[in-house]
Structures are given as C-alpha cells and as structure tokens.
Amino acid sequence: MAIRGEWRRTRKSWRRSADRWWPIARRSWLWLISLAALLAAYTLVARVVARPDIVPEPRDIADAFRTLVGRGVQLAAPEGHHHHSSDQVETLLMQGVTLQAALAVSTARVLFGLLVGVPLGLLVGLLMGWSRRADDYLHPVFILVRSVPPLALITYIMLWLGHSEAHRLIPIVYAVAVTAVIPTYHGVRDVAAKYVVAARSLGARGRLLLTRVVLPAAGPAVLGGLRYSLAIAWMTAVGAEMLMAENGMGNLLVGGGMWSSRLQTRSDPAVIIVGIVSLAAAGWAMDAGLRMLTARLTRWVSG
Amino acid sequence: MTSPRVRRAVVALAALAVLYALAAELGHGRLPDRIWLGAHYVENVQLLPTFRSLAEEGTFLVESRILLDSIAVSTRRVFLGLLLGSAAGILLGLLTGWAARLEVLADPWVTFFRFTPALALLPLYVVWFGYGETSKVLLIATNVAVITLLGAHQGVRGVPAVYLDAAASLGASRWLRFRRVVLPMAFPTILASVRIAAGLAWVTIVVAELIDARMPSLGYLLALAGAYPRVPTMLIGIATVGALVLLFDLLALLLYAQATRWMERVA
C-alpha cells in the first residue's frame with residue numbers, strides 16, 4: 001500500500017501544480033469558452049450548409065426538445081414563428097412518445113441490469129478469485145462467455161422467450177455481469193497475496209477472512225469496476241431498444257417501428273441530437289452518483 | 001505431465017460440450033419446433049441444434065463463402081476504425097495529458113462523448129455519412145478514440161512528478177522529457193486501453209450491422225438468421241464473433257507483452 005500511497009501523492013502534487021498554473025476560476029472560464037466556441041462553430045456550419053434535415057440549427061434542436069417533452073405540441077405555431085417538424089417527430093408524437101418517458105424506461109432497464117447483473121458478476125468473480133480450483137475450471141468457460149457480444153444473442157433469446165421484456169433485459173444483465181466479474185476477480189486476487197497471509201498467520205480463516213479482510217480490501221477495485229459496468233449497461237440497453245423495443249431511448253432514436261424496418265424512415269438529426277445529449281446527461285448523472293457513493297464507501301482507504 | 005490448470009481447463013470445456021450435446025439430443029423432438037414470432041408462427045425451428053446439424057450448416061456456410069466474406073467485411077471495419085480511432089485518441093490524450101490548457105479546453109467534449117452510448121451515434125452518422133462503410137468505420141473510430149484518449153491521458157498523468165523534475169534538473173528539454181520519460185511510462189496504459197477498445201469495437205460493429213443490416217457482414221448474417229429463423233446459422237454466427245473477439249484480444253495481449261518486454265517484472 002505504501003507504493004500506492006506514494007504514487008497517489010505524486011499525482012496529487014502534479015494536479016496541484018496544474019491548478020496553480022490555471023486557477024479554478026480561469027479553468028471554468030476556459031471550459032465555458034470551449035463550449036461556446038464549438039456551439040458557435042456548429043451554428044455557423046448549420047447556417048452555411050442550410051440543410052436542417054442534415055445539420056439542424058440549435059434553434060431546431062431546442063424546438064425538437066420542447067416538442068419531445070410535451071410542450072409546444074398544443075401551441076399552434078404563431079404566424080411567422082419557426083416550427084420544427086419532421087417524419088420522426090410526427091411518428092413519435094403519434095405513438096405518444098415523450099423524452100422523459102423514454103428516458104425513464106431506459107433508466108429502469110439499466111437499473112434492473114445493474115441490480116441483477118452486479119451481484120451475479122460479484123459472485124462469479126469472488127468464486128474465481130477466492131478458489132484456485134474454481135478459477136481453473138471456470139476461467140476458460142468465462143473467457144468464452146465474455147467474448148460473445150451480449151446483443152448478438154438477442155435474436156436467439158427472442159426465439160426462446162418470445163417478444164417480451166425478458167429478452168431485452170437478459171442482454172443487459174449478461175453484459176453487466178460479465179464486466180463486473182473481472183474487477184472483482186482481480187480485486188480479490190490482488191488482496192489475497194499480502195493481507196491473507198498476514199491474517200492467516202494471526203489465525204483468521206474461512207468466513208472471518210472473507211468478510212473482514214478480502215471483501216473490504218477488494219471493495220475499491222469492485223466499486224471502480226462498477227463505473228465500467230454502468231457504461232456498458234447504458235450501451236447495451238440503448239442497443240437492445242434500437243433493435244427490438246417499443247419504448248425507451250433506443251426506440252426514440254430510431255423513431256419507432258419494428259426493427260426490420262428501422263432506419264428506413266427518414267431520421268431527423270434534431271431528435272437524434274436531443275436523444276444523444278439526454279443519454280449523455282443521464283449517463284453522466286448516474287456516474288457522478290456512483291462516484292460519490294464510491295468515495296463515501298471507500299473513505300477509509302486513503303485516510 | 002500436464003499441469004492441473006490445463007487439465008482442469010480441458011475438463012471444463014469438454015464438460016460444456018458434452019452438456020450441450022446431451023441437452024440438444026434430449027431436446028430433439030421434445031422442444032417446441034413451432035414458434036410464435038409476434039406476428040406469425042414459424043415451423044421447423046431447432047431451438048438447440050445438434051452438433052450434426054451445426055456441422056452441416058457450418059460446412060455450407062464455409063463452402064458458400066458466406067461466412068468468410070462476412071468475416072472479411074466486419075474485420076476490415078473493426079480494423080480501420082481501430083486504427084483511425086486509436087491514432088486520433090492517443091494523440092489527443094497525450095496532448096491533453098501534457099498540456100493543462102488543452103485539457104480544460106477538451107474537457108467538456110471528452111465528458112460528453114464519454115457518457116454517450118456509442119450506438120446512439122449510429123442514426124446520426126447514417127444521416128451525415130450515409131449507409132455503408134463510412135458511418136460504420138467512423139462509429140467504431142469515435143468509440144475507440146474516446147477510450148484511448150482517456151487511456152493516454154491517464155498514462156501521461158500517471159508519470160510521477162519526481163521523474164519529470166529529475167529529468168528537468170538534469171537539463172532535459174520539455175520535448176526530451178516528453179519523449180524519453182512520459183511516452184515510455186504511458187505506453188502500457190495506452191496499450192491496455194487499446195485492448196479494451198478492441199473488445200468494444202466488436203460489440204459496436206456487430207450491433208451496428210444488426211441495426212442497419214445490409215451487405216455481407218457478421219451482423220447481417222445474424223440478422224438474416226434471426227429473420228428466418230435459422231438457429232444453426234445464428235449459433236455459428238455468434239460463435240464466430242466470439243472467436244474473433246478472442247483473437248483480437250490475444251493479438252492485443254501479444255503486442256502488449258512484446259512492447260513491454262523491457263520493463264521489470266514483479267512476478
């Protein structure tokens with residue numbers, strides 16, 4: 001642990017020197033300038049290209065956002081007022097899709113995937129990290145399972161389970177579980193070397209060793225791996241919804257319809273950009289929550 | 001005498017194969033072969049095809065060159081995307097890691113792309129770059145670039161300040177410090193991120209090809225097999241993708257081992 005602490009301190013000092021060159025106030029200014037500059041550049045490009053069906057102006061995107069959250073639908077466009085409309089917006093409105101409902105459905109799927117997949121992955125990772133024998137038997141099988149992209153399974157699962165919620169959720173659970181195994185496995189194994197020998201020589205064994213030494217020490221690695229699982233869960237959920245679901249963000253992005261006919265209807269980039277920005281915001285928010293939770297739970301580590 | 005590790009691995013994989021064969025033989029004739037697909041029934045579905053029918057289907061797919069063509073097309077996309085994406089990502093990551101100003105400028109955009117599920121960009125890319133190669137290669141490249149950017153950035157930032165100070169006090173210029181201290185030390189982190197990116201690139205491409213299924217490609221093969229549905233083709237397609245992911249991972253590991261040979265090994 002000494003080496004790790006050393007490394008952390010040096011990194012911190014590097015950070016601090018960077019902060020000294022660029023004080024926080026100036027950093028946030030630069031941040032805003034960067035954001036504004038790219039938005040301005042984008043607006044300029046949109047003006048020059050003048051093809052709202054390919055590069056919509058920010059005004060169109062804001063309009064699409066208002067329509068999708070359910071405002072501005074009832075408002076009849078006043079005379080001369082610019083109103084954004086497209087096939088995709090119309091299809092979505094006809095199906096009664098709103099941005100917040102789609103986002104809620106996707107978030108629920110992601111959360112379900114995490115709730116079921118993480119314990120599953122933890123269990124397998126713990127077993128493989130804890131027992132040499134289990135590792136020898138399970139690891140080759142795990143490598144095979146890990147190599148299969150979860151979404152490639154979706155049509156096969158559908159044959160077994162039919163068009164149901166289960167066949168959208170299984171790939172998400174699968175993806176989350178597989179990504180949760182690796183950090184747990186390494187977390188448990190890396191601990192095992194030093195602390196386990198020390199604890200054993202003090203007489204700890206079995207359950208005591210597991211709950212008081214291995215699990216707390218593997219905690220930070222496991223929690224760090226959760227952030228990765230979260231990103232994978234979002235990606236799989238959106239992919240599954242793009243392929244086959246009547247709701248959720250993936251469905252919003254491809255504009256409804258059944259999967260074989262999807263992307264055949266004219267897509268509206270304004271809707272897609274609204275969807276992408278919402279997904280990025282949701283992903284960022286959940287990741288920030290997870291980071292706070294991790295910091296709270298592992299306060300004792302760097303203490 | 002083989003080591004217990006190898007023996008156990010063989011036992012586990014053999015057990016898996018035997019269990020599957022058993023399930024397939026038992027299921028033959030017992031599992032439902034008429035399946036409701038949401039809109040209509042399909043007949044003659046083998047939910048668990050026996051090894052015999054898998055072998056027959058496999059020889060057909062190989063002899064008709066369908067499988068090889070699909071592999072070639074998908075691999076080419078992944079490879080191009082990986083090359084393009086990691087070149088851009090590593091360059092940007094090194095820059096943002098080395099220059100604090102650039103980091104702040106790039107930060108909002110890196111954050112944005114980092115939390116965007118890669119597949120969500122596909123419809124946008126289709127609108128901008130059309131169906132076909134460009135949108136798919138760029139989709140992978142974007143995904144890869146984000147991961148390698150973070151890897152390169154962390155690699156540069158992981159270099160202890162002491163080393164840089166030592167080099168500076170010996171009179172090394174900024175460029176020399178970057179080339180002789182930062183680059184070699186960041187290298188393993190960068191390669192590790194490329195390995196992760198390669199795995200995700202395959203996930204991305206297969207699904208991108210499933211969503212926008214056309215031309216010979218592995219995703220198209222899977223989509224086609226799902227539409228009929230033809231389970232042996234489906235399973236062979238899934239196994240092929242898995243094998244390719246495994247192969248790329250092995251290649252990345254080899255590259256990693258080869259490139260970091262100069263480093264001291266702890267164990």
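The values are calculated or read from the model by the stated rules, or taken from the named source; none is laboratory data. In this text, all values refer to a predicted model and were calculated from it rather than measured experimentally. Positions of Cβ are backbone-derived with ideal geometry, glycine not excepted, and every protein chain shown enters the neighbour counts.
State yes or no: is B:V10 under 21 Å from B:P229 (Cα atoms) and β-branched (V, I, T)? Walk me through it before giving the result.
Numbers: under 21 Å from B:P229 (Cα atoms): no; β-branched (V, I, T): yes.
Taking the combined requirement at face value, the residue does not satisfy it.
Please specify each residue of segment B:101-116 satisfying the condition of being touching a Leu at 6+ places or on another chain (Cβ under 8 Å) and either part of a helix (DSSP H, G or I) or in contact (Cβ under 8 Å) with a residue 24 or more places away in the chain (or both). Outline the logic, then answer.
Keep residues of segment B:101-116 that are touching a Leu at 6+ places or on another chain (Cβ under 8 Å), which gives B:101-102, B:104-106, B:108-110, B:114-116.
Selection gives B:R101, B:L102, B:V104, B:L105, B:A106, B:P108, B:W109, B:V110, B:R114.
Do we have B:A223 as surrounded by 19 or more Cβ atoms within 10 Å (Cβ to Cβ), within 8 Å of chain A (Cβ to nearest Cβ) and closer than 17 Å to B:K136 by Cβ here?
Working: surrounded by 19 or more Cβ atoms within 10 Å (Cβ to Cβ): yes; within 8 Å of chain A (Cβ to nearest Cβ): yes; closer than 17 Å to B:K136 by Cβ: yes.
Yes; evaluated as a whole, the condition is true for this residue.
Give just the number: which of (1) over 19 Å from the mean Cα position of the chain (by Cα); (2) under 27 Å from A:V145 (Cβ atoms); (3) of a type outside the set (S, T, Y) does B:L191 not satisfy?
Tallying (1) over 19 Å from the mean Cα position of the chain (by Cα); (2) under 27 Å from A:V145 (Cβ atoms); (3) of a type outside the set (S, T, Y), B:L191 fails exactly one: (1).
Determine which single condition B:L119 fails, assuming it passes every other condition in (1) without any contact (Cβ under 8 Å) to a residue 12 or more places away in the chain; (2) in a helix (DSSP H, G or I); (3) in contact with a Gly (Cβ under 8 Å, 6 or more places away or on another chain).
In the conditions (1) without any contact (Cβ under 8 Å) to a residue 12 or more places away in the chain; (2) in a helix (DSSP H, G or I); (3) in contact with a Gly (Cβ under 8 Å, 6 or more places away or on another chain), B:L119 misses (1) alone.
Return the residues of segment A:134-190 that are of a type in the set (G, A, S), surrounded by 19 or more Cβ atoms within 10 Å (Cβ to Cβ) and more than 12 Å from chain B (Cβ to nearest Cβ); say none if nothing qualifies.
We begin by selecting, within segment A:134-190, every residue of a type in the set (G, A, S); these are A:134, A:147, A:152, A:162, A:164, A:166, A:175, A:177, A:180, A:187.
Next, from what is left, pick out any that are surrounded by 19 or more Cβ atoms within 10 Å (Cβ to Cβ): A:147, A:152, A:175, A:177, A:180, A:187.
Selection gives A:A177, A:A180, A:G187.
Give the residue, chosen from B:R157, B:R179, that is touching a residue at least 60 places away in the same chain (Cβ under 8 Å), more than 19 Å from B:G85 (Cα to Cα) and more than 21 Å from the chain's Cα centre (by Cα).
Working: B:R179 fails: touching a residue at least 60 places away in the same chain (Cβ under 8 Å).
One residue alone meets the criteria, B:R157.
Criterion first (modelled with pLDDT under 80, surrounded by fewer than 23 Cβ atoms within 10 Å (Cβ to Cβ) and outside any helix (DSSP H, G or I)) does A:A193 satisfy it?
Numbers: modelled with pLDDT under 80: yes; surrounded by fewer than 23 Cβ atoms within 10 Å (Cβ to Cβ): yes; outside any helix (DSSP H, G or I): no.
Taking the combined requirement at face value, the residue does not satisfy it.
Look at B:A201 and say whether it is surrounded by 16 or more Cβ atoms within 10 Å (Cβ to Cβ), over 34 Å from the mean Cα position of the chain (by Cα) and either among the aliphatic types (A, V, I, L, M) or farther than 30 Å from A:A240 by Cβ (or both).
Values: surrounded by 16 or more Cβ atoms within 10 Å (Cβ to Cβ): yes; over 34 Å from the mean Cα position of the chain (by Cα): no; either among the aliphatic types (A, V, I, L, M) or farther than 30 Å from A:A240 by Cβ (or both): yes.
The answer is no for B:A201.
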